[in-house]
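Below is one structure, written out as structure tokens; comments come after it.
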Amino acid sequence: MRAFIFPGQGSQAVGMGLALSQASSAARELFQEVDDALGQHLYRMMTQGPESNLLLTENAQPAIMANAIAVLRVLERECGVRVADKAGYVAGHSLGEYTALCAAGAIDVATTARLLKLRGQAMQAAVPVGEGAMAALLGADREKAQAIADAAAQGEVCTVANDNDPGQVVISGARGAIERAVALAKEMGAKRAVLLPVSAPFHCPLMQPAAEAMEAALADVALQAPLVPVFANVTAAPVADPQVIRALLVEQVTGIVRWRESVLAMWDAGVTDYVEVGGKVLAPMVKRTAPDATTASVITMDDIEALAKAL
């Protein structure tokens, strides 16, 4: 069984989508569709920069989604391969969950782009710049990471945000608490701690205003049942009911991205092949979590053609 998986923030780079759009009219049409939905030249920003603009979360989130869905559009239009026919499940990391829902037909492309633009704006606005932070703890599992976060909190928010794989957990919260956690990490058993270059403390209780903004936005969205079940970040379990999906997307803003558990749950459900669409971030995490899994990253026209032949 196969799962198609979709990357989150951090996988963006100036130049993304350029070669694919030059090679495929289907990709060009997709990028134009996203530009039209947002009323901005996002594709130009993706391919030409400046990097400082692409890094803004309100631009990075729809850009990463567009890049992945463009790959799928080419796969479908030019190779005759549909996700619904070839995947047992779909899943995405943080914003990638929206991409997964789009890939599975639960939300159309234009709506997904607008939701992610709003999500980025709401997450950025939730905490003043400089007051929050995130850090990656390497060589620490979720339990150890939470112990470090608890020791550093001192009454401030400091908690696990992303459980990525057995040796990489990201914590999020108030800047002072996160800096204390980084200082404490080695003596509490982590190999290394690295502050992340992010503009807000995602996936922690400080994001509550953004969760409320997404709840209001999602209330107006016509969600369809996905053509294949989607593994939700906050439950690490498959979901297909539109009302449940809606509630979990709201919870996801402040909740933990349970990626490691999601990979293990998909493995237990019989998934042996994991195809990362539009990035090369999740496939290594999958291999560290489920070493016997087969992984592929599909970004370029060559990647797409190779995957189509393999399927």
Provide a single number: the residues in segment 129-152 that are out of contact with any Leu (no Cβ under 7 Å at 6 or more places or on another chain) and open to solvent by less than 70 Å² (accessible area, probe 1.4 Å).
8
In the set ARG288, ARG260, which member is basic (Lys, Arg), touching a helix residue (DSSP H, G or I) at 6+ places or on another chain (Cβ under 9 Å), assigned to a helix (DSSP H, G or I) and within 20 Å of VAL234 (Cα to Cα)?
ARG260
VAL286 vs. criteria of a type outside the set (D, E, K, R), over 14 Å from ALA68 (Cα atoms) and touching a residue at least 40 places away in the same chain (Cβ under 8 Å):
yes
Across segment 16-41, what is the total count of residues that are farther than 20 Å from ALA283 by Cβ and surrounded by fewer than 24 Cβ atoms within 10 Å (Cβ to Cβ)?
18
Per-region count, segment 158-192, residues open to solvent by 60 Å² or more (accessible area, probe 1.4 Å), part of a loop (DSSP other than H, G, I, E, B) and touching a residue at least 40 places away in the same chain (Cβ under 8 Å)
3
Return only the number of the condition from (1) farther than 26 Å from MET214 by Cα; (2) touching a helix residue (DSSP H, G or I) at 6+ places or on another chain (Cβ under 7 Å); (3) not basic (Lys, Arg) that PHE31 does not satisfy.
(1)
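Would you be able to say whether some residue in segment 90-106 is of a type in the set (A, V, I, L, M), at pLDDT 95 or above and in contact with a Lys or Arg (Cβ under 6 Å, 6 or more places away or on another chain)?
No; the residues of segment 90-106 include none that is of a type in the set (A, V, I, L, M), at pLDDT 95 or above and in contact with a Lys or Arg (Cβ under 6 Å, 6 or more places away or on another chain).
Check VAL228, VAL263, VAL198, VAL257 and return the single one that is β-branched (Val, Ile, Thr), farther than 20 Å from ASN162 by Cα and under 19 Å from the mean Cα position of the chain (by Cα).
When all the criteria are applied, what remains is VAL228.
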Do any helices (runs of 4 or more DSSP H) entirely within segment 41-145 hold 3 or more residues that are of a type in the set (Gly, Ala, Ser), and if so, which?
57-79, 96-103, 109-126
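Of all residues in segment 200-227, which are open to solvent by less than 10 Å² (accessible area, probe 1.4 Å) and on the phi < 0 side of the Ramachandran plot?
Passing the criteria: ALA200, PRO201, CYS204, MET207, ALA210, ALA211, MET214, LEU218.
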I'd like the full set of residues that are β-branched (Val, Ile, Thr) and open to solvent by less than 10 Å² (accessible area, probe 1.4 Å), limited to segment 110-126.
THR112
Is it true that ALA151 is in a helix (DSSP H, G or I), out of contact with any Asp or Glu (no Cβ under 7 Å at 6 or more places or on another chain) and closer than 27 Å to ARG288 by Cα?
no
What pairs come up if the first residue lies in segment 9-32 and is over 29 Å from PRO201 (Cβ atoms) and at pLDDT 95 or above, the second is part of a helix (DSSP H, G or I) and of a type in the set (Lys, Arg), and their beta carbons are under 6 Å apart, counting only those six or more places apart or on different chains?
SER21/ARG28; ALA26/ARG73; ALA26/ARG77; LEU30/ARG73
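Criterion first (touching a residue at least 60 places away in the same chain (Cβ under 8 Å) and more than 19 Å from CYS102 (Cβ to Cβ)) does LEU223 satisfy it?
Answer is no for this residue.
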Quick one: MET214 ticks every box in (1) free of Cβ contacts under 8 Å to residues at least 60 places away in the same chain; (2) in a helix (DSSP H, G or I) except a single one, so which number is it?
(1)
Looking only at segment 232-257, which residues are open to solvent by 50 Å² or more (accessible area, probe 1.4 Å) and either among the β-branched types (Val, Ile, Thr) or in a helix (DSSP H, G or I) (or both)?
THR235, GLN243, VAL244, ALA247, GLU251
Mind counting the residues in segment 77-96 that are open to solvent by 10 Å² or more (accessible area, probe 1.4 Å) and either within 21 Å of THR235 (Cα to Cα) or touching a Phe, Trp or Tyr at 6+ places or on another chain (Cβ under 6 Å) (or both)?
6
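The values are calculated or read from the model by the stated rules, or taken from the named source; none is laboratory data. No experiment lies behind these values; they were computed from the predicted model shown. A quick note on method: Cβ atoms are made from the backbone with ideal geometry, for glycine too, and the neighbour counts reach across all protein chains shown. Note: accessible area is taken over every heavy atom of the protein model, side chains too, but ligands, DNA and RNA are not part of it. Shrake-Rupley method; radii C 1.70, N 1.55, O 1.52, S 1.80 Å.
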